[in-house]
1. Please determine, by comparing only the residues of the stretch 54-75 that are buried (at least 17 other Cβ atoms within 10 Å of the Cβ) and over 18 Å from the mean Cα position of the chain (by Cα), which one is farthest from residue 322 (Cα to Cα).
2. Residue check: is residue 300 assigned by TED's automatic domain parsing to the domain that holds residue 68 and touching a strand residue (DSSP E or B) at 6+ places or on another chain (Cβ under 9 Å)?
3. Between residues in the stretch 157-175 that are closer than 12 Å to residue 133 by Cα and residues that are part of a loop (DSSP other than H, G, I, E, B) and within 11 Å of the ligand (Cβ to nearest atom), which pairs lie under 7 Å by C-beta distance while being six or more apart or on different chains?
4. For the stretch 209-246, which positions are in a helix (DSSP H, G or I) and out of contact with any strand residue (DSSP E or B) (no Cβ under 6 Å at 6 or more places or on another chain)?
5. Regarding the stretch 239-257, can at least one residue be identified that is more than 30 Å from residue 47 (Cβ to Cβ), surrounded by fewer than 16 Cβ atoms within 10 Å (Cβ to Cβ) and in the same structural domain as residue 299 (by TED's automatic domain parsing)?
6. Name the residue that is surrounded by the most Cβ atoms within 10 Å (Cβ to Cβ), counting only residues in the stretch 110-138 that are touching a strand residue (DSSP E or B) at 6+ places or on another chain (Cβ under 9 Å) and in a loop (DSSP other than H, G, I, E, B).
7. Filter the stretch 139-167 down to the residues that are more than 22 Å from residue 256 (Cβ to Cβ), surrounded by 18 or more Cβ atoms within 10 Å (Cβ to Cβ) and within 14 Å of the ligand (Cβ to nearest atom) and list them by number.
8. Somewhere in the stretch 187-199, is a residue assigned by TED's automatic domain parsing to the domain that holds residue 245, touching a helix residue (DSSP H, G or I) at 6+ places or on another chain (Cβ under 9 Å) and away from the ligand (no atom under 16 Å from the Cβ)?
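The values are calculated or read from the model by the stated rules, or taken from the named source; none is laboratory data. Predicted model only: the values in this text are computed from it and were never measured. Virtual Cβ from ideal backbone geometry, glycine too; neighbours counted across all protein chains shown.
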Ligand code: MG
């Protein structure tokens, strides 16, 4: 501990001298990462208007990201560091938690599966990413009571957060929309809406979430619903795109909550020609999507090679052929919007708090500090000597919007270089000054 304290002033002086030599003001945002673009700050609470998903302000938006794998089989990627890597390196704006229901999933181990899902949701909320909580089931209409219990819990815990998107039935098989899937969906949606009036709910459609045209002809009577369209590029082609077009023309919103680059089994070839056509189609219609899947299983659709770390930090050699292709797509499509979030965050921070160099400077005994704040917030202003020791605190209080001035009298302080440090909600700013007697 003593060593740490001994080095701190030296390190501090080095940093400060670099700042002085460069004659610049250094602003250190609280969020240090250049990649820290919180898409939720830009889009807010999503809504559905007509056949589009729109932001809180009403602009059409498309989210692009990754689905995790069945939680009971490859749950190791359900952790904070992995989600952060997907945000920062893959530039995902949405992550899908595919909570297994059957086959050793939630029906068998509800506490364990719930914990995994909550970990992912909490991470996404912290990181400003949208999150789909997916009832990953092919027979959900047989588990309606359990689904309602689960989603009521989700709505109670997270229904007020803009991040959360519900997906209530991953892939119904070849069962009736009107007699099976729709009644199930109405029951589950009504229970969610009794707690959470507004977050988007994705409704599964028959034939492994392909019959969006059928659902569109007989939709549910609730607000903010989207319908799931799933495709695997080497198996599902123009005829499925035609069904999607029919559905959109009938006025429902579609969310591609799962797609694969290969055959519907998750294996086989990657069909780059169809992927290109599907990509253009989704882009043209502003469809949100998640690729299947973050897994290190030995199958084509798995984005990772066997043994890829559970906590991200993957090199290119950790990515499968499919994973590398999808990562590039996500980056290419999301980067422009994420860059705009970063720019606007930086300019907001700068607008929120502006300092003016103390005047006069150099000064003989007395000098004035001025700063402007655009919203009420707590401001502290401290003065340090060349050793990095805090000499005095001039300010530590909640301040109102506007221009503020603080006078300072150095009294009997010796001549030399001093530093002052402002700290606000979002910014820490150092500046230097010279006292000359
Ligand atoms: Mg809500």
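1. So, considering only residues that are buried (at least 17 other Cβ atoms within 10 Å of the Cβ) and over 18 Å from the mean Cα position of the chain (by Cα), the one farthest from residue 322 (Cα to Cα) is 72.
2. Against the criterion (assigned by TED's automatic domain parsing to the domain that holds residue 68 and touching a strand residue (DSSP E or B) at 6+ places or on another chain (Cβ under 9 Å)), residue 300 qualifies.
3. Qualifying pairs under 7 Å: 159/195; 159/196; 159/199; 164/199; 165/199; 165/200; 166/199.
4. Within the stretch 209-246, 213, 214, 216, 217, 238, 239, 241, 242, 243, 245, 246 qualify.
5. Within the stretch 239-257, one or more residues are more than 30 Å from residue 47 (Cβ to Cβ), surrounded by fewer than 16 Cβ atoms within 10 Å (Cβ to Cβ) and in the same structural domain as residue 299 (by TED's automatic domain parsing).
6. Out of the qualifying residues, it is 137.
7. Scanning the stretch 139-167 gives 155, 158, 159.
8. yes
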